[in-house]
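The structure under discussion appears below in the form of structure tokens.
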Amino acid sequence: MKIVHTIKEVRDIVKGWKKQGLSVGFVPTMGYLHEGHGSLVEMASKENDRVVVSIFVNPIQFGPKEDFSSYPRDLERDGKIVEAAGGDLIFNPSNEEMYLGDFSTYVDMNGITEGLCGAKRPGHFRGVCTVVTKLFNIVLPDKAYFGEKDAQQLAVIKRMVRDLDIPVEIVPCPIVRESDGLAMSSRNTYLNKEERKAALVLSRSLNSAKEALLQGERSAENIKSMISEILTEEPLARIDYVNVVDSLSLTEVVTIDKSVLIAIAVFIGKTRLIDNFIFEV
Ligand code: PAF
């Protein structure tokens, strides 16, 4: 497993692999990897001859008051996780390598970026689409792997690849949870002991909603109220959003009569966590 920092190095290595007829899988990340990322790398390494993992905390997808500077970073630890999961190359560029001083071209999207996290984090998906397009152009992967925890991001990337005819297959990977149900996230590391316990309210509220749906509840409003009530009972939790949307278009639904995404974002103390599940009628 090799770590490189420049675009030229990645291009040269990938070119060599392609000359040999090897397929390339790609896992874009912001580092501080956990088992969720490990599962993406494992899946990529099962399905491809070589796997590239990018580790880049992308400044342009963070808002001015968000956690760009405090986002956890540990390249040495990440290297071990990538290697153990079967990755072959880490691309860890500097901000200057990715964004030249007069950088001025962005990839943006209407519609599905406007609700959920997009509504709460203006400019976030413009930053994600721009960096992912750049990374795809640098790595030229056959397949790219994204976690379902960032459900809106996954939908946005799929749409971008379709709309811009980017020749890559997007592979969704299931949410990986801690044994007590908390969805794995690099941001879980911000939680103190009390907050870590309080964070279980996210999966608990979603599990109750799932139960109600299985018992036949079909009103999106009732599902949202049920989740909100449970979240509100936790004193350390502050709801950012609770929503029930069509799982493809991400538009709000009133009656649950097709595949829906039930998605929540909740602050536990100062840490913003997201979780979701898809319910197929
Ligand atoms: O999901 C993430 O970690 C990031 O949004 C991504 C896709 C690596 C782009 O910076």
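Where a number appears in this text, it was derived from the coordinates with a stated rule and is not lab data. Being a predicted model, the structure only gives us computed values, none of them experimental. Ideal geometry is used to build each Cβ from the backbone, glycine not excepted, and the neighbour counts take in all protein chains shown.
Among the residues of region 146-160, those identified as in a helix (DSSP H, G or I), away from the ligand (no atom under 11 Å from the Cβ) and either touching a residue at least 24 places away in the same chain (Cβ under 8 Å) or buried (at least 20 other Cβ atoms within 10 Å of the Cβ) (or both) are ALA151, ALA155, ARG159, MET160. Just one of (1) in contact (Cβ under 8 Å) with a residue 24 or more places away in the chain; (2) exposed (fewer than 14 other Cβ atoms within 10 Å of the Cβ) trips up TYR190, so point out which. Of everything listed in (1) in contact (Cβ under 8 Å) with a residue 24 or more places away in the chain; (2) exposed (fewer than 14 other Cβ atoms within 10 Å of the Cβ), TYR190 misses just condition (2).
Of all residues in region 39-64, those that are surrounded by 18 or more Cβ atoms within 10 Å (Cβ to Cβ) and touching a strand residue (DSSP E or B) at 6+ places or on another chain (Cβ under 8 Å) total 14. The criterion of at least 1 residues that are within 16 Å of the ligand (Cβ to nearest atom) is met, among strands (runs of 3 or more DSSP E) falling completely within region 1-108, by 24-29, 50-55, 89-91. Highlighted here are the strands (runs of 3 or more DSSP E) found entirely within region 172-281 that include at least 1 residues which are closer than 30 Å to LYS143 by Cβ and among the small types (Gly, Ala, Ser): 260-268. Taken together, the residues in region 111-145 that are within 12 Å of the chain's Cα centre (by Cα) and part of a loop (DSSP other than H, G, I, E, B) amount to 0. Before we move on, is SER249 within 30 Å of VAL27 (Cα to Cα) and among the hydroxyl-bearing types (Ser, Thr, Tyr)? So SER249 passes the test.
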